Amino acid sequence: MKRIMRTLLALTAGVTVLAGAGQAQTPDYPNKPIRMVVTFPPGGSTDVVVRMLVPRLNEKLGQQVVVDNRPGAGGNIGLTAVARAPADGYTLGVGAAGGLSANVSLYAQMPFDPVRDFRPVTMLAAIPFVLIGHPSVAARNQRELITLAKATPGKLSIGHGGNGTAMHLSAQLFGQMSGAQFVEVPYRGSGPAALDVLAGQIPLAIVDLPSALQHIKAGKLVAYAVTSPQRLPMLPDVPTVSESGLTGYDSTGWFGVVAPAGTPAPVITRLNAEITAALNDSEIKASMRNLGVEPAPGTAAEFEAYIKSETVKWAKVIKTSGTKID
């Protein structure tokens, strides 16, 4: 009889463990639509990537993922809405390097704390930048460009995608490491900056690849270097900034998904699994790469560590430059 009781107790304990495991997977999540707050306007690289993922997520999650574009203030507007939302997995945010790592050093006052107020889910993608110039600039490679800039300090203008953006910080890092003085010109995104270089209104710019790739291939823009650590498959003949003389230079744009702090771990795990599976889909990968964006799925812990490392990195650049945004 004692043996039977011990067996029954063991079986009961096993059932309890299994039940607990089932509850840990939150079988009722999601049971209503999920709002995905994108901190960029419709039509940009980030928005396009998210919308690529939505049909797959709708299918796998069994609920509609609704994209809510909330651009402005370097990502602060959209991310504030996410930070203040209920921590139940039904409001997510797509933030980038600015909002999730650099803004804490750029803005005197922040409406949220990127570390305290969010739980990272996964990085979505990396967006390499390219240093471009108008063909009239009297330099055909990065070394010549730096020599020209040093010979004419404060004369060469360099455009970027807006104050506080990763492109802005990339331009500052380039100036700091090269020792050359450029006049920084902010634009409302990569597209307008690239178009002004194309038109000869400004000699140089650091922009994302999608806004310049076709013009580079057509020979209408000079590509001096890419800002990523490795050369890009789309521009195999264009060297990196690092290999062109500024050893160690690395500035890649990125964006990923975060949830409000306090979101249950099983919900984060489920979201991470479905989003990374979508990013690993061969068709989605190909579509993203055609856009000039590199899929970058990973664990929530990896994304959290990356955000922290980027925050430290850009804090040093911003402190050196003295840049502040009110």
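The values are calculated or read from the model by the stated rules, or taken from the named source; none is laboratory data. In this text, all values refer to a predicted model and were calculated from it rather than measured experimentally. Methodologically, a virtual Cβ is constructed for each residue, glycine included, from the backbone with ideal geometry; neighbour enumeration extends over all protein chains shown. We work out accessible area using only protein heavy atoms, side chains counted, and drop any ligands, DNA or RNA first. Shrake-Rupley method; radii C 1.70, N 1.55, O 1.52, S 1.80 Å.
Quick notes
- Averaging the sequence gap over all C-alpha pairs within less than 8 Å and six or more residues apart, then dividing by the number of residues, gives segment 170-326 a relative contact order of 16 percent.
- A 1.4 Å probe run over the protein chains yields, for the chain, 46 Å² of accessible area per residue, whole-number rounding.
- Nearest-0.05 FRET efficiency for Lys217 and Glu243, computed from C-beta distance (R0 22 Å): 0.55
- Gyration tensor (Cα) of segment 221-326, equivalent ellipsoid semi-axes in angstrom: 29, 23, 11
- Using a simple spin-label model with pseudo-atoms 7 Å out from Cα toward Cβ, Arg84 and Val67 lie 2.5 nm apart.
- Cα pair distances in segment 118-244, grouped into 5 Å bins until the bin that holds the longest one, percent each: 2, 12, 23, 25, 21, 10, 3, 2, 1, 0
- Taking label positions 7 Å along the Cα-Cβ direction at both Asn141 and Arg231, the computed distance is 1.3 nm, reported to one decimal.
- Choice from Asp237, Asp208, Asp28 with maximal GNM fluctuation in the chain (Cα, 10 Å cutoff): Asp28
- Tilt relative to the chain, helix 166-178 - C-alpha long axis, 0 to 90 degrees, to 10: 50 degrees
- For segment 65-107: Kirkwood Rh in Å [reciprocal of mean 1/r, alpha carbons]: 10.9 Å
- Inter-centroid distance (Cα atoms) of segment 152-218 relative to segment 88-137, Å: 19 Å
- Packing, taken as the mean count of other beta carbons within 10 Å per residue, orders the peptides 40-46, 253-259 from highest to lowest as 253-259, 40-46.
- The chain - percent relative contact order, Cα under 8 Å, separation 6 or more: 25 percent
- Taking amide H as placed 1.01 Å from N in the peptide plane, the amide H of Val38 sits under 5 Å from that of Asp68, Asn69, Arg70, Val94, each at least 5 places away or on another chain.
- Taking a straight line from the alpha carbon of Lys217, these aspartates and glutamates sit under 13 Å away, with near neighbours fewer than eight places off in the same chain left out: Asp237.
- Atom-type composition of the exposed protein surface of the chain places 56 percent of the accessible area on carbon and sulfur (1.4 angstrom probe).
- With the convex hull of its Cα atoms as the shape, the chain has an orientation-averaged projected area of 19.6 nm².
- Helix axis angle, 2-24 relative to the chain longest principal axis, alpha carbon, degrees: 30 degrees
- Degrees between helix 142-151 axis and first principal axis of the chain (Cα, 0 to 90, nearest 10): 60 degrees
- Cut-off under 5 Å, modelled amide H: who pairs with Ile158 long-range: Val183, Glu184, Val185
- Listed residue pairs exceeding 32 Å between alpha carbons, taken from Lys155/Lys319; Lys155/Lys324; Lys32/Lys285; Lys60/Lys220; Lys220/Lys285; Lys150/Lys285: Lys60/Lys220; Lys150/Lys285
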